[in-house]
Amino acid sequence: MSYSKEIVEAVFSDFDKKRKNNEHQRNLRLFETYGVAPELKAIDYELSTTGLQILGASLQGKDGLEERLSSIKQRNKELQEKRAEILKSHGFDIDYTDMKYECDKCQDQGYVNEKMCSCLRTALITRQLESSGVGQLILGQGFENFDLTLYPENTRKDMSCIYEDLKGYANNFTKNSPNLLLVGGTGLGKTHLSTAIARAVIEKGYYVIYETATNVFSDFENDRFRDRYSGEEPVSSKYMECDLLIIDDLGTEVITNFTVSCLYNLINTRLNKRLPIIFSTNLISKEIVKLYNDRITSRLFGDFEIKKFSGCDNRKIK
Ligand SMILES: Nc1ncnc2c1ncn2[C@@H]1O[C@H](COP(=O)(O)OP(=O)(O)OP(=O)(O)O)[C@@H](O)[C@H]1O
Ligand SMILES: [Mg+2]
Ligand SMILES: [Zn+2]
């Protein structure tokens with residue numbers, strides 16, 4: 001599991017709030033019952049001294065300890081029963097004033113015996129889905145609703161291979177997975193499968209960012225004019241750090257010397273760190289060579305597995 005600091009902090013703070021709120025809600029319920037049945041207060045006070053009574057009993061020595069302990073236990077049981085009766089007689093459930101948790105397994109601690117509870121895992125994944133940039137796309141564009149029959153027969157076999165490859169890529173993803181370049185005309189399912197990968201890899205617990213090339217470069221641009229001494233981390237550093245970076249629509253950004261140098265730096269940094277990138281683009285090889293410099297194209301063609309999408313525009317067909 002790896003998540004950005006912001007995600008982990010946000011989720012931990014949610015859990016903290018959740019625990020405080022559980023406590024607050026329980027106190028409200030408790031005071032509600034004290035309002036209608038004030039005799040509960042004395043019972044609760046006595047129950048709260050049980051620990052002290054046990055300690056006192058032990059300090060009196062071993063002689064007769066068992067009897068003393070069993071009488072404390074007996075008294076405790078009676079008080080609990082009386083308490084339950086009072087609650088019932090006022091129409092409350094007998095567990096009305098117990099702590100209530102969203103997750104009973106970990107009592108909203110996020111961990112059970114030092115192992116991460118499934119509720120914490122789900123919270124991290126949900127946060128990561130929300131902040132991955134995939135947004136609403138993720139809902140309608142999964143592997144499960146990718147329809148191979150939309151492709152004309154002569155391309156279906158190739159597209160079926162790509163589909164299986166990409167599904168396998170997502171299912172077997174590790175930080176050392178290969179880089180991919182998804183190429184092909186408009187409406188062939190590149191974005192659809194990119195977001196399907198994003199979702200599956202996020203659900204495996206990885207830190208994934210999906211963003212269009214235009215937005216990525218505008219973040220770099222903004223960082224350029226950011227106050228260097230503000231102490232804030234550059235927005236673009238996440239693109240260098242995430243486990244999987246998916247950049248959609250490469251080539252639709254306004255290409256300048258600055259964006260080309262950012263792209264080179266981004267590819268190079270991630271290659272050195274062995275962190276994968278997936279690009280998707282409408283550009284054909286010739287255009288890539290024309291738009292970007294040799295240092296970029298040699299990496300794109302040398303260090304990326306190329307997946308060529310074919311068919312007719314599924315946007316129109318659908
Ligand atoms: N094989 C498919 N099965 C189901 N829906 C598909 C398929 N291919 C594409 N679509 C749908 O068609 C629309 C266009 O597909 P998508 O956005 O993935 O195309 P694209 O290759 O990214 O095109 P562009 O190059 O214009 O960005 C989307 O709504 C997508 O869900
Ligand atoms: Mg697209
Ligand atoms: Zn839990």
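Read the figures in this text as sums done on the coordinates, not as results from a lab. All values reported here derive from a predicted model rather than from experimental measurement. Quick reminder, even Gly has a Cβ in these numbers, built from the backbone with ideal geometry, and neighbours come from all protein chains shown.
When you filter the GluC sites (Glu not before Pro) in the range 203-232 for DSSP loop state and at most 10 other Cβ atoms inside 10 Å of their Cβ, you are left with Glu232.
Pairs exceeding 19 Å between alpha-carbon atoms, taken from Lys100/Lys204; Lys5/Lys167; Lys115/Lys238; Lys157/Lys190; Lys115/Lys167: Lys100/Lys204; Lys5/Lys167; Lys115/Lys238; Lys115/Lys167. Report, in degrees rounded to the nearest 10, the 0 to 90 angle that the Cα long axis of helix 294-303 makes with the longest principal axis of the chain. With both axes taken from Cα atoms, the answer is about 60 degrees. Fraction of C-alpha pairs exceeding 38 angstrom in the chain: 40 percent, rounded to a whole number. Among the cysteines of the chain, Cys161, Cys242, Cys262, Cys312 have no other cysteine beta carbon within less than 4.7 Å of their own.
Given q = 0.15, 0.24, 0.27 Å⁻¹, what are the Debye log10 I(q)/I(0) values for the range 22-103, with equal point scatterers placed on the Cα positions and solvent ignored? The Debye formula, applied to the Cα set alone, gives -0.64, -1.10, -1.26. To the nearest ten degrees, helix 50-59 and the longest principal axis of the Cα atoms of the chain are 60 degrees apart.
Taking Cα atoms only, the orientation of helix 190-203 departs from the longest principal axis of the chain by about 30 degrees.
In a simple Cβ point-charge model (Lys, Arg +1; Asp, Glu -1; nothing else charged), the chain has a dipole of about 600 debye relative to its Cα centre. Only Lys, Arg, Asp and Glu carry charge here, each on its Cβ (+1 for the first two, -1 for the last two); on that basis the range 22-103 has a dipole of about 120 debye about its Cα centre.
Computed over the range 132-317, the percent of Cα pairs more than 22 Å apart is 45.
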